Amino acid sequence: MSANPEIPAEKTAGRIVGNLDPDLAARLKKDGDGLVAAVVQQHDTREVLMLGWMDEEALHRTLTTGRVTFWSRSRAEYWRKGDTSGHTQTVKGVSLDCDGDALLVMVEQIGPACHTGTPTCFTGRELEAVVGDDEREGE
């Protein structure tokens, strides 16, 4: 049985519930799997590095250890960025967005952020897009 009756037990298997401050937990708007998107950004350059997923425990660990922890949806386990690769993320700040459904994690990234070895998960993956004009130009 799931610790959270709103999330099926198979989606919470292996996860820890209850360590996050209850007031903060109440502010989170989690998806159907009990997760919140975490946008990771280099603290000094503001470069967006990657997107990961956190449940309450991953956020608790991130807030209390100084290292970023995610919930791996594919492996169904917690993972701390850099434990196997050495490409660590040291926490510099964490913010919750206005809706409570996304986190911004400011980090000091050591080494590439992406598991493919690129500096970010977006490097070299640009899509063709029409670039809009600033409608305020010429006012």
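How large is log10 I(q)/I(0) at q = 0.15, 0.17 Å⁻¹ when the Debye formula is applied to the Cα atoms of the stretch 49-117, each weighted equally and without solvent?
Debye curve over Cα of the stretch 49-117, log10 I(q)/I(0) at q = 0.15, 0.17 Å⁻¹: -0.45, -0.58.
Starting from the Cα-Cα distance between Arg75 and Ile110, subtract it from 0.36 nm times their residue separation and give me the gain in nm to one decimal.
10.2 nm
Among the aspartates and glutamates, which fall within straight-line cross-link reach of Lys29, defined as a Cα-Cα distance under 16 Å, with same-chain neighbours fewer than 8 residues apart omitted?
Filter leaves Glu6, Asp21, Asp55, Glu56, Glu57, Asp97, Asp99, Asp101.
Tell me, Kirkwood radius of the stretch 79-139 from alpha-carbon pair distances, in Å?
Here the Kirkwood hydrodynamic radius works out to 14.8 Å.
State to the nearest 20 debye the size of the charge dipole of the stretch 13-120 about its Cα centre, where the only charges are +1 on K and R beta carbons and -1 on D and E beta carbons.
It comes to approximately 260 debye.
Once a ≥ b ≥ c are taken as the square roots of the eigenvalues of the Cα gyration tensor of the stretch 17-139, is the result rounded (a/c under 1.5), prolate (a/b larger than b/c) or oblate (a/b not larger than b/c)?
Cα axes put the stretch 17-139 in the oblate bin.
Using the heavy atoms of the protein chains and a 1.4 angstrom probe, tell me the accessible area per residue for the stretch 20-96 in square angstrom.
Roughly 51 Å² per residue, with all protein chains present.
The values are calculated or read from the model by the stated rules, or taken from the named source; none is laboratory data. This is a predicted model, so every value here is computed, not measured. Backbone-built Cβ (ideal geometry, glycine too); neighbour counts: all protein chains shown. Surface accessibility is based on the protein's heavy atoms, side chains included, excluding ligands, DNA and RNA. Shrake-Rupley method; radii C 1.70, N 1.55, O 1.52, S 1.80 Å.
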